[in-house]
Every structure is written in structure tokens, then in C-alpha cells.
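J.: Below is the structure I would like to discuss, written out as C-alpha cells.
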There are 4 protein chains.
Amino acid sequence: MTVFAPELAVSRWFNAARPLSLAGLRGKTVVLHAFQMLCPGCVMHALPQTERLHRLFMNHPGVAVIGLHTVFEHHAAMTPVSLEAFIHEYRLSFPIGVDQASDNEAIPVTMRRFGMRGTPTTIIIDPAGRIVEHAFGQEEDLALGVLLGSLIARAPMPDAISASDAGCAEGACPAPTGEAA
Amino acid sequence: MTVFAPELAVSRWFNAARPLSLAGLRGKTVVLHAFQMLCPGCVMHALPQTERLHRLFMNHPGVAVIGLHTVFEHHAAMTPVSLEAFIHEYRLSFPIGVDQASDNEAIPVTMRRFGMRGTPTTIIIDPAGRIVEHAFGQEEDLALGVLLGSLIARAPMPDAISASDAGCAEGACPAPTGEAA
Amino acid sequence: MTVFAPELAVSRWFNAARPLSLAGLRGKTVVLHAFQMLCPGCVMHALPQTERLHRLFMNHPGVAVIGLHTVFEHHAAMTPVSLEAFIHEYRLSFPIGVDQASDNEAIPVTMRRFGMRGTPTTIIIDPAGRIVEHAFGQEEDLALGVLLGSLIARAPMPDAISASDAGCAEGACPAPTGEAA
Amino acid sequence: MTVFAPELAVSRWFNAARPLSLAGLRGKTVVLHAFQMLCPGCVMHALPQTERLHRLFMNHPGVAVIGLHTVFEHHAAMTPVSLEAFIHEYRLSFPIGVDQASDNEAIPVTMRRFGMRGTPTTIIIDPAGRIVEHAFGQEEDLALGVLLGSLIARAPMPDAISASDAGCAEGACPAPTGEAA
């Protein structure tokens, strides 16, 4: 069954020169890592892994690594102000979006759209926008690497790389121009 | 040179049935662990170590293990509300005090009194109230264990254990009666 | 520069129903891990990694994971008798060949043929028999996984899988019938 | 129940200028670590821990850290020749004795005398020669450190330190003169 990834709903970005969107990243393999800054399994395992992934693919035009702060509990404790200090102290360098709070429930909008079960969650989206991996919990480096390597090798290289996409200025990889914000 | 420990200045306690004070803990060997909830070296190493220490000495009448949240940066990001969620998510069970904010500087009151250089800091106070160890950075389990075991063995056992001191109700060790709050 | 892998020279196999050869494994991606049983970097890092790789690809018809015991020092201490006990105690389940001792030097025959610099060494050979990776020292799981996943995805699947190849009886993956020993 | 430690029966010493004996070490707290070079729990955990202990107490006149190679299986695989290379490759610097093989059973003589259940085993002997700890399996650094620190603090300091005892020449701590070999 093919499942296309819904769009991100993000209220604020860190480590990004401009807002990112999955529509704007079409053509790339996207690793979307959902976490909470007070989730021990994220802090001890999944976030360092995502940072390693980001550094590995930093200059790869066909891969984007994105974090998503999906706060579904302790909302007052994990505000954007706290997240900003957390990102600074843990030296996270990949783009991180704050999942948009819902008006009527604890679970934020993107988390609900994707049907995530909790944090950490790792979702991989292929260049055509299809969800090819959706895993809740901790992933092993080796198995995740093999899966990613395989997906990337099968993906066509992006046709053209726009100017804004070619560089990773300010330590972050901005999306191609023309994307929806 | 003998240095006596100054008193704690704490604005709020977690995991404690009532406020603790070093005066009230006189007669015990006290391990005071100063940390910040967004300090990676604390989260990855020093806090799990302090939790192990707490569990090891939970029922030992001559030892108290105490945490102190010494926020000296990112004050808006590490409020008591955030700390409370952090303590809950990381399952910390030892008493933790919030170091009292200073009126005129970033460094909080107790941190200044002890002359701490940063976090994590481990301070050991003997039963007479003297500072016998003051270490900034990460400590090895083995060396810290040997030092503590040695100090405890040399210390006289507390003369009398008051009723309130004998138990560790609610997962925390209340101080002996008569202590200053 | 294309470098074709020379053939293995192995005096004894463990965890293999019959002798393996690179010629017989043509058509598969081969991970060749060279180690010594008394090399700490192998024991602590590279051998557990190779075991994880083996378990990950156990049922994959296009991948073979092989160990090679390349003793180039302490020859009397690392005999096949010692190796056999080592393999048993460390629960290694992938096929392991003993690199054939040289008549006139400390370095064994296969190690010399490949120009290996020491242990651990990880060599990856593509289905056409070309060396596509030759690394001395410890490899990170994530980067190794990405490389392998990418190579495997690009490789054509083996045309036909012989009966002897389909199963991994006795905890090991026998080579296809017809291979040269 | 007080249990006095039986004497060691050792066929060969490594990292020792002369043979050691428990009789010769009377007056010191002795940490006796029994291991096998092909025991993964020893290699991964207990031997690095013993090395750390040795370095911690290297210059402490009241403590001796000793290894004992208690081969009770795979005898042909764990000969003194193999052990010597193992000690060299793993950079073990504490004195290590080879437990004397038994004439009529797989379990060596010292292992039988102490009633050890397997490897790793950690035995602590107080200055009077009494066994105060006998643990089979892996020990946590913190708890082991506290126990050792406590025992050492309670022990009287050795009355006199002989010349041969004062130094740790050749990377090992020879026993006091007058000891039985």
C-alpha cells in the first residue's frame, strides 16, 4: 500500500534559513526525525543518530535530514525557548521544526497527520513523496544505514540543483526555491 | 586547609517531603551534585551516576545524596516547570533543590557561595560539614566509589536517628527534624 | 582505478559446510572482515559489527559476510585450536577462514595478496569481483550501512539461487554449488 | 562466618618480578580477579575494570590487585603462550598468575580451593587474610569502589613497607620480601 506523506505543519524553524516543506523537498529522500527534548530515548540515542546522519549527508544533494519537535506532553516545559537552548547546548545542526500545536488536543498537528505513536519516531520519505519507513522507537545504526543507502541508490539524482539548494550556509540546508512555506 | 560548606539557598525542592539543609544533614556524609537540565555532560553521565549513588545509599543512615539545579545560563529555558518534567521523564528519585536565583547576576546564590566553576560539579561534605571533595566535570564511577566508601567508613555512624529520618517515604529522604528550612 | 579482488588462500574454515572462494561468490556483494583473535579493536568493535552484519544479511541471496583470521604476529598464540574456542565463546556465526600461513614471512598469504595494513580490515567486493572498499581500522555502523545498502541496491540480484545457497543450515551460509575450493 | 583465603597455586607469573603469595601479601587488602582470556564477560568488562583498579591503587601500599588465569575449559586454546600475547595486546599491567592445572579434573587447583563458580570472579581478601567478598559475574564500578574504599579505610596501614614493596618497577608491584613463593 502506497502512503504519501502529508505536509508538515510547523510553527517555527531552527537551523534553517527559511521554512522547509515536504513539497519543496520533493526529489530528495527525506529523513524526518520526530522527538521531544525531554524524551530520554531521543536525547540518548535518536538525536545523536540524527546528527550523525545529517553530517553524513550534509553535502549530498539527494538527501535531507529534518527534525520535528512533536510535543504531546509537558507542553509548558518544552516551549520553543527551551528547545532553542537545548539545540544550542547539544550542538544539533540539522533543521528542526516545531510541530504546530493543535487547538483541541495535546497531540500536535503534524504528529496527528502522520499517525505517529510517540517519540522517537523515524520516518523516511522517498523522492516521490511516499512514506517508505515509519518506525517508533530506537533504530540500530547498521540497519538504518543499509535501508537509507539502498533507498538513496535507487533514487534518481535530483535533476537540477537550484542555487539556494547547493550550499549549506549557516550550517543548515535550505530547501529549493519555490517551495511552499 | 579546612573549608566548611556554606548553607544551601534553595527556592524549591523536588522529591523531598520538606526542605533540606546542610545544617539539618550534619552527621551525614553528603554528596551534592550540581547540574543543569540542559547540560549534556550532566544528562549523559553525571545525573545517571547520581541516581545510581542515591539507590546505593538509599537505606544508609549516614549518607545523603542531593541534587542542585544551578541555572547560570538559559534561565528562561530551565524554569522549575521544565525541571519538573525533566525529573519526571528521567525518573530521578533523589531530592533536588532549585538553586536560588541571584538578584544581580546570572550565577545563582548557592553556586556562588561554593565557588562552583560550572556543571556538572560534585561536592562531598563530611559529617562535620567540611568540604572534602569539590570536582568540576565528569567523575569516574570507580574512583568516586572508592573515595566515598573511604569517607563513609571513617565517619562515625549517626548517634541517633530520628523518626523522620529513619524512613525514605515517598521515594525521598527527609532531613532530620530540627533542621533549618 | 578498478582493482579486482585476488582469491582467498585459506587453510581451514569454521562455520562453513564446505570451503568458500571469492570465485564461487561471484554475483554477490561480499563483506570480507580480516581480524586477529587477540586484536582488541577487532574483539571490542569490528567482530560484533561483522556478526550484526551477518545476522542482517543472513537470508539475503545477494550478500555474503566472511571473516578471515589473518595472523601476522603471535602466531603460536593464535592457532586454529585457539581460534575455534574463541569462535565458540564469542558466539560468532559467520563463516571464518584461517588465512594460509606464508612459508617465508610473518604475514599470511591472503593478507599479502590484498595488501592489508593490519587488523581490523574491512573489504567490500562487488558482484563483479571488484574491490569497492578497503578500510583499515574501525568503521562506524551508520556509514558502513549506508555504503553497503547503496552497493547492494545497485547490484543486480543473483540470477538463480541454487539449492545449497538458499538455506543457512547449521548456522552458516554455504556457498553455491560449483564454486572452486 | 569467617572464611580465611586458601593460598594461591600458580604455575607461572606475568607482570611480576617474583612469585606472589597471599601469605606474602598479608597486611594488604587484596583484590583477586579470576578470569579466562576467552571469556567475553572478562574481556569486555571485568579485565578493563581490574586494570582501572590496578592503576588507581598502583602506589597505595595497602592494596594489591592480582589477576588469576583460571582455565577450566578449552585448555589447549588458553595456554600460557596465548595468555602472554593476550596480556601484551590488551596492555594489562597488573600481576597475573596462571592457576595450576589439576592432575585429575578440568578445574585448576586455586579455583577449586576457593570454590569459584566460573569467570569472571572477584574476590576481596582483607589484611588479616579473610575473604570479605566473593562475587561471580560482572560487578558495577560504583558499588565495587564503595566496598573497596570502605575496606581500605578500615584496614590499618601496613606497619612497614619494605624496599622491594615501595616501588612498582617493571610495571608490576612485587610482594614484600620474605613471602613464600
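J.: Among (1) touching a Leu at 6+ places or on another chain (Cβ under 8 Å); (2) within 11 Å of another protein chain (Cβ to nearest Cβ); (3) more than 22 Å from C:GLU140 (Cα to Cα), where does C:VAL81 come up short?
T.: All conditions pass for C:VAL81, except number (1).
J.: Suppose the filter is polar (S, T, N, Q) and either in contact (Cβ under 8 Å) with a residue 60 or more places away in the chain or over 27 Å from D:LEU83 (Cα atoms) (or both); does C:THR121 pass it?
T.: yes
J.: Looking at D:LEU83, D:LEU68, which one is in contact with a strand residue (DSSP E or B) (Cβ under 6 Å, 6 or more places away or on another chain) and within 18 Å of C:PRO80 (Cβ to Cβ)?
T.: D:LEU83
The rows are residues; the columns are (1) under 16 Å from the mean Cα position of the chain (by Cα); (2) farther than 14 Å from C:CYS39 by Cβ; (3) of a type outside the set (Lys, Arg).
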| site | (1), (2), (3) |
| --- | --- |
| C:ASN59 | no, yes, yes |
| C:ILE66 | yes, yes, yes |
| C:MET78 | no, no, yes |
| C:LEU83 | yes, no, yes |
| C:ILE107 | no, yes, yes |
| C:GLY115 | yes, yes, yes |
| C:GLY118 | yes, no, yes |
| C:ASP126 | yes, yes, yes |
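J.: Among B:GLY24, B:GLY41, which is within 21 Å of A:ALA77 (Cα to Cα) and small (Gly, Ala, Ser)?
T.: B:GLY41
J.: Hey, among the residues in region C:137-153 that are touching a Lys or Arg at 6+ places or on another chain (Cβ under 8 Å) and at the interface with chain A (Cβ under 7 Å from one of its Cβ atoms), which one's surrounded by the fewest Cβ atoms within 10 Å (Cβ to Cβ)?
T.: C:ALA153
J.: I'd like to check something: does region C:17-27 contain any residue that is under 30 Å from D:GLY41 (Cβ atoms) and small (Gly, Ala, Ser)?
T.: no
J.: Further question on the same structure: State whether the residues of region B:8-29 include one that is more than 21 Å from B:ARG113 (Cα to Cα), within 14 Å of chain A (Cβ to nearest Cβ), in a helix (DSSP H, G or I) and touching a residue at least 24 places away in the same chain (Cβ under 8 Å).
T.: No, there is no match, as no residue in region B:8-29 is more than 21 Å from B:ARG113 (Cα to Cα), within 14 Å of chain A (Cβ to nearest Cβ), in a helix (DSSP H, G or I) and touching a residue at least 24 places away in the same chain (Cβ under 8 Å).
J.: Is it the case that region C:79-97 has a residue that's under 26 Å from C:PRO156 (Cβ atoms) and crowded, with 21+ Cβ neighbours inside 10 Å?
T.: Yes, region C:79-97 has at least one match.
J.: On the basis of being of a type in the set (Gly, Ala, Ser), at pLDDT below 95, surrounded by fewer than 18 Cβ atoms within 10 Å (Cβ to Cβ) and under 21 Å from C:SER150 (Cβ atoms), does A:ALA160 make the cut?
T.: Details: of a type in the set (Gly, Ala, Ser): yes; at pLDDT below 95: yes; surrounded by fewer than 18 Cβ atoms within 10 Å (Cβ to Cβ): yes; under 21 Å from C:SER150 (Cβ atoms): no.
Spelling it out, it is not the case that A:ALA160 is of a type in the set (Gly, Ala, Ser), at pLDDT below 95, surrounded by fewer than 18 Cβ atoms within 10 Å (Cβ to Cβ) and under 21 Å from C:SER150 (Cβ atoms).
J.: Further, regarding this structure: Is it true that some residue in region D:50-62 is among the basic types (Lys, Arg), in contact with a helix residue (DSSP H, G or I) (Cβ under 9 Å, 6 or more places away or on another chain) and more than 14 Å from D:VAL98 (Cβ to Cβ)?
T.: Within region D:50-62, the first condition is being among the basic types (Lys, Arg), and the residues that meet it are D:52, D:55.
Checking the rest, the ones that are also in contact with a helix residue (DSSP H, G or I) (Cβ under 9 Å, 6 or more places away or on another chain) come to D:52.
This time we only want the ones that are more than 14 Å from D:VAL98 (Cβ to Cβ), so: D:52.
Within region D:50-62, one or more residues are among the basic types (Lys, Arg), in contact with a helix residue (DSSP H, G or I) (Cβ under 9 Å, 6 or more places away or on another chain) and more than 14 Å from D:VAL98 (Cβ to Cβ).
J.: While we're on this one: Filtering region B:35-70 down to residues that are among the polar types (S, T, N, Q) and more than 10 Å from every other protein chain (Cβ to nearest Cβ), which residue is surrounded by the most Cβ atoms within 10 Å (Cβ to Cβ)?
T.: Residue satisfying both the conditions and the ranking: B:THR70.
J.: Specify which of the listed residues (C:ALA101, C:ALA76) is within 14 Å of another protein chain (Cβ to nearest Cβ), surrounded by fewer than 20 Cβ atoms within 10 Å (Cβ to Cβ) and out of contact with any Leu (no Cβ under 6 Å at 6 or more places or on another chain).
T.: Among C:ALA101, C:ALA76, only C:ALA76 is within 14 Å of another protein chain (Cβ to nearest Cβ), surrounded by fewer than 20 Cβ atoms within 10 Å (Cβ to Cβ) and out of contact with any Leu (no Cβ under 6 Å at 6 or more places or on another chain).
The values are calculated or read from the model by the stated rules, or taken from the named source; none is laboratory data. In this text the structure is predicted, and so the values were computed from the model without any measurement. Glycine gets a Cβ as well: all are built from the backbone with ideal geometry, and neighbour counts include every protein chain shown.
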